[in-house]
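Remarks on the structure that follows.
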Amino acid sequence: MSATAVASRSRPVGSRLEVVPSSNGFGADIVGFDFELLDERQVAEMRAAWLDHGVVRFRGYRFSDEQQVRLTGMLGDFVKHPRQLKGEEGAHPDHEEILVIGNAKVDGKSSGTMGNSEAQWHTDTWFYERPPAAALLHAIELPPEGGDTYFADMYGIYEQLPSALRKILEGRLIQSTTIFDGAGRVRTGQTAPDTDDIRLWAHMRHPIVRTHGESGRNCLYVGIDSPSSWIVGLPLDESAAILSEIFDFVRMPDFQFKQVWEDGDMIMWDNRCTMHRRDGWDGQYTRVMHRTTTLGERPFYRY
């Protein structure tokens, strides 16, 4: 255990958590965390930091799988990824709440999901009617380089959009196909489309400007960076141009929190008001992460 974690044990139960915001205010570190000393007030402080900053990092404390599951349960009801529900690659052998993400192999077979490739900008399981609220990702094994994760502040981006564009988007729906996963593979139970018209593909629709169910603030909610996404009711070329403009903002470092992983790091983010992506890494090295998520509200927009 690190010196930081050991030192935190000297802090009395009931002491306040130390929250250190990043330089741009998006993302923060929770310092001196010790799960065994966690009380109701600290849980409330942790939740407040998560809601305020969108992303919080726990560094210097080694979580067990049981602690990750318990911490997640303090934030809400669990929601499971389709691969967990079907017992496919990515299912944890002992904890059904945990999705294993990575490229490790057991007996020659993949024991995790998503492999070692780059992942484009997305929010987790945006194709659910009620996508997750909280997501927690714990670093179990890391490659020597690569695999960094980037988070984007969708509150801040919404607020920086030109007012004319905000007016176009408010009250509209974003449609994203449910057919393909992030790697471009046909999802289990889906059928490849028989038309090139993305408007006719199997899909999920959510408000593109979303009102956060707890903070009450509005943010952009665009699901995934994909050419198959469509702003419902707009001509395809106009929709594509607007989405391209939005993702130009998403790619700006000013709206990002970059996570360069260290062994044992835990990141907790608000899936409702952020997007994230990751870098790929050399497949000869192993990267394993454990993810848990909680159920969010059905996305809505309040005028």
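The values are calculated or read from the model by the stated rules, or taken from the named source; none is laboratory data. This one's a predicted model, so the numbers in the text were calculated from it and none came from an experiment. Ideal geometry is used to build each Cβ from the backbone, glycine not excepted, and the neighbour counts take in all protein chains shown.
Whether a residue is more than 24 Å from E96 (Cα to Cα) and either crowded, with 21+ Cβ neighbours inside 10 Å or in the same structural domain as M268 (by TED's automatic domain parsing) (or both) was assessed, and D34 passes this test.
So which residues in the range 139-168 are under 23 Å from the mean Cα position of the chain (by Cα), of a type outside the set (S, T, N, Q) and closer than 22 Å to S239 by Cβ? Matches in the range 139-168: A152, M154, I157, Y158, E159, L161. Look at (1) in a strand (DSSP E or B); (2) within 23 Å of H53 (Cα to Cα); (3) touching a His at 6+ places or on another chain (Cβ under 7 Å); (4) not small (G, A, S) and you find that L137 fails only one, number (3).
Scanning the range 96-124 for residues that are at pLDDT below 90 and in contact with a helix residue (DSSP H, G or I) (Cβ under 9 Å, 6 or more places away or on another chain), we see that the one that is farthest from S228 (Cα to Cα) is E96.
Here the range 47-72 is the region considered, the condition is being without any contact (Cβ under 8 Å) to a residue 40 or more places away in the chain and either on the phi > 0 side of the Ramachandran plot or in a helix (DSSP H, G or I) (or both), and the residue that is surrounded by the most Cβ atoms within 10 Å (Cβ to Cβ) is H53.
Scanning for something assigned to a helix (DSSP H, G or I), surrounded by fewer than 22 Cβ atoms within 10 Å (Cβ to Cβ) and modelled with pLDDT of 95 or more, does the range 273-292 turn up at least one residue?
Looking for residues that are assigned to a helix (DSSP H, G or I), surrounded by fewer than 22 Cβ atoms within 10 Å (Cβ to Cβ) and modelled with pLDDT of 95 or more, one finds none in the range 273-292, hence no.
Tell me whether the range 204-211 contains one or more residues that are among the basic types (K, R), free of Cβ contacts under 8 Å to residues at least 40 places away in the same chain and more than 19 Å from P132 (Cβ to Cβ). Looking through the range 204-211, none of the residues is among the basic types (K, R), free of Cβ contacts under 8 Å to residues at least 40 places away in the same chain and more than 19 Å from P132 (Cβ to Cβ). Scanning the range 293-303 for residues that are at pLDDT 95 or above, in contact with a Ser or Thr (Cβ under 7 Å, 6 or more places away or on another chain) and part of a loop (DSSP other than H, G, I, E, B) gives F300, Y301. Residue-level check: of (1) surrounded by 14 or more Cβ atoms within 10 Å (Cβ to Cβ); (2) modelled with pLDDT under 85; (3) part of a loop (DSSP other than H, G, I, E, B); (4) not aliphatic (A, V, I, L, M), R83 misses just (3).
Residue-wise test of (1) under 30 Å from E159 (Cα atoms); (2) part of a strand (DSSP E or B).
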position	(1), (2)
Q190	no, no
R199	yes, no
H206	yes, yes
E214	yes, no
V222	yes, no
